[in-house]
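The values are calculated or read from the model by the stated rules, or taken from the named source; none is laboratory data. Please read all numbers here as calculations on a predicted model, not as lab measurements. Cβ coordinates were reconstructed from backbone atoms using ideal geometry, including for glycine residues, and neighbour counts include every protein chain displayed.
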Amino acid sequence: MTSKERVKAAMNREPVDRVPIFMWFHPETTRILADLLEIPPAQVGGVMGNDVCQKWVAHNHAMEGIVHERDGEGHTDFWGVEWERVDGFNQIKRYPLRGASPGDVDAYPFPYDKIPDLLSNMDALAPFAEQYFIGCDVSPCVFEMFGRLFGMEDAMYQIADATPAFQRFVRRSTDFMVALSEQACQRYAMDWFWTGDDVGGQRGMMMSPEMWRELIKPELARVYDVGKRHGLPVAYHSCGGIRPIIPDLIEMGLNVLNPIQCDCPGMDALELKKDFGKHLTFMGGVDTIGLLPNGSPGDVRRATRALIDDMTSDGGGYILAASHTVAPETSVDNIFAMYHEAGVTREAIFDAAAAVRRL
């Protein structure tokens, strides 16, 4: 099967030759694998068997799509957020609306003029459109954007106070996301519409479900509706314990939930499959905190095998992925053990790397 066929079949609960994969690696993990396989870091995902090709076209491009070589280097993005590379990741150095007055919040300009530049990131996927499952990532959509512009502390105060100025900002922020999403769906052929907001923490949601339903849900639904109008499956990423709002997400039209952070309350993958598997495809669930960095290859193989078997018990509805990015503390033997249970052997990976080197 092609990757596109494999993912579509899994989502439709149809037979597949192997479980589809969409694995994310920490930048240092990517470097380790690239050195081992003697390939460029940009080729690691494909060589390791990823079935999805996806690009960021919203603010996550500023966080993850712009790569600096050394810690201390940085950039200012189209939203006025200043970033600096720290320990391999871009971290926010300055929040443009931290401490802003209501007048400054009202005057904040969203970067409509930069939408063509943001969307052009999708152009790189054109050569892969027939073979791979193509995604367009418009995250973060609502809540997480507040944290990046105001700083998380200020953002939470703003959400709690819900002043008229902030409510106007929420609407304007989503207006921009809807415009960006609409143009993306009109301009590019894609196989799913990827959304996201980290509204969960390690112990549960970062706000009450009731507050989320009042302020965030209606705006996120507007973004979902863009994908739905274009006939696309909607995928959603949120780290943390978000079980209380999963029924809401389904009601809004969600099709794929990621990353299933299995060490958080209420996020056991098998329980979620039992309760919501008729409505959702799940992507994730391989433990990146305990299992992958600390287990033996045998532990990883047994746990991955059990996860795949249980999550595909209805014939599909599962994409293999970790519960977060695979950390550099994870041994390559454990990474290969996980892939082996997905039907991608170490030998196949090295053969794919050799083919890349011959190009």
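For every residue, the table says whether it meets (1) hydrophobic (A, V, I, L, M, F, W, C); (2) more than 19 Å from the chain's Cα centre (by Cα); (3) outside any helix (DSSP H, G or I); (4) surrounded by fewer than 17 Cβ atoms within 10 Å (Cβ to Cβ).
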residue: Phe193; (1), (2), (3), (4): yes, no, yes, no
residue: Gln202; (1), (2), (3), (4): no, no, yes, yes
residue: Leu215; (1), (2), (3), (4): yes, yes, no, no
residue: Leu220; (1), (2), (3), (4): yes, no, no, no
residue: Val223; (1), (2), (3), (4): yes, no, no, no
residue: Gly231; (1), (2), (3), (4): no, yes, yes, yes
residue: Tyr236; (1), (2), (3), (4): no, no, yes, no
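Scoring Leu270 on the criteria (1) over 27 Å from Asn12 (Cβ atoms); (2) part of a helix (DSSP H, G or I); (3) hydrophobic (A, V, I, L, M, F, W, C) leaves a single failure, condition (1). Being exposed (fewer than 13 other Cβ atoms within 10 Å of the Cβ), outside any helix (DSSP H, G or I) and without any contact (Cβ under 8 Å) to a residue 60 or more places away in the chain is a condition met by at least one residue of region 48-68.
Across region 273-286, the number of residues qualifying as under 10 Å from Ser323 (Cα atoms) and either in a strand (DSSP E or B) or touching a residue at least 60 places away in the same chain (Cβ under 8 Å) (or both) comes to 2. For first residues located in region 15-31 and within 18 Å of Phe89 (Cβ to Cβ), partners that are crowded, with 18+ Cβ neighbours inside 10 Å and of a type in the set (A, V, I, L, M, F, W, C) and lie 6+ apart or on another chain with Cβ distances below 6 Å form the pairs Met23/Ala321; Phe25/Val326; Thr29/Val326; Thr30/Val44.
Residue by residue, here is whether (1) charged (D, E, K, R); (2) assigned by TED's automatic domain parsing to the domain that holds Arg13 holds:
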| residue | (1), (2) |
| --- | --- |
| Asp263 | yes, no |
| Lys273 | yes, no |
| Gly295 | no, yes |
| Arg301 | yes, yes |
| Ala306 | no, yes |
| Met311 | no, yes |
| Gly315 | no, yes |
| Val344 | no, yes |
| Ala348 | no, yes |
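So if I check each of Arg98, Arg70, Arg172, which one is over 23 Å from Tyr188 (Cα atoms), at pLDDT 95 or above, out of contact with any Leu (no Cβ under 9 Å at 6 or more places or on another chain) and of a type in the set (Lys, Arg)?
Working: Arg98 fails: out of contact with any Leu (no Cβ under 9 Å at 6 or more places or on another chain); Arg70 fails: at pLDDT 95 or above.
Just a single option satisfies the conditions, and that option is Arg172.
Meeting the requirement of 1 or more residues that are more than 30 Å from Gly277 (Cα to Cα) and small (Gly, Ala, Ser), the helices (runs of 4 or more DSSP H) wholly within region 295-359 are 346-358. If only residues of region 121-141 that are touching a strand residue (DSSP E or B) at 6+ places or on another chain (Cβ under 9 Å) and assigned to a loop (DSSP other than H, G, I, E, B) are counted, the one that is surrounded by the most Cβ atoms within 10 Å (Cβ to Cβ) is Cys141.
So, Ile308, is that one modelled with pLDDT of 95 or more, within 19 Å of Pro15 (Cβ to Cβ) and touching a Pro at 6+ places or on another chain (Cβ under 7 Å) or not? Step through it out loud before you land on a result.
On the way: modelled with pLDDT of 95 or more: yes; within 19 Å of Pro15 (Cβ to Cβ): yes; touching a Pro at 6+ places or on another chain (Cβ under 7 Å): no.
Answer is no for this residue.
Applying the set (1) closer than 28 Å to Ser331 by Cβ; (2) outside any loop (DSSP other than H, G, I, E, B); (3) at pLDDT 95 or above to Ala42 leaves exactly one unmet item: (3). For Ala306, indicate whether it is in contact (Cβ under 8 Å) with a residue 12 or more places away in the chain and of a type in the set (A, V, I, L, M, F, W, C). It is false that Ala306 is in contact (Cβ under 8 Å) with a residue 12 or more places away in the chain and of a type in the set (A, V, I, L, M, F, W, C).
For region 157-170, the criterion of being free of Cβ contacts under 8 Å to residues at least 12 places away in the same chain, surrounded by 17 or more Cβ atoms within 10 Å (Cβ to Cβ), out of contact with any His (no Cβ under 7 Å at 6 or more places or on another chain) and not polar (S, T, N, Q) is met by no residue.
Can you name the residue in region 304-359 that is among the hydroxyl-bearing types (Ser, Thr, Tyr) and surrounded by 15 or more Cβ atoms within 10 Å (Cβ to Cβ) and, of all such residues, is farthest from His26 (Cα to Cα)? Before the answer, list the steps.
Taking region 304-359 as the starting set, the residues that turn out to be among the hydroxyl-bearing types (Ser, Thr, Tyr) are 304, 312-313, 318, 323, 325, 330-331, 339, 345.
Right, trim to surrounded by 15 or more Cβ atoms within 10 Å (Cβ to Cβ) and you get 304, 312, 318, 323, 325, 330-331, 339.
Working: Thr304: 20, Thr312: 27, Tyr318: 22, Ser323: 12, Thr325: 5, Thr330: 10, Ser331: 13, Tyr339: 17 Å.
Within region 304-359, the match that is farthest from His26 (Cα to Cα) is Thr312.
Would region 97-115 turn up any residue that is touching a helix residue (DSSP H, G or I) at 6+ places or on another chain (Cβ under 8 Å) and in a strand (DSSP E or B)? No; the residues of region 97-115 include none that is touching a helix residue (DSSP H, G or I) at 6+ places or on another chain (Cβ under 8 Å) and in a strand (DSSP E or B).
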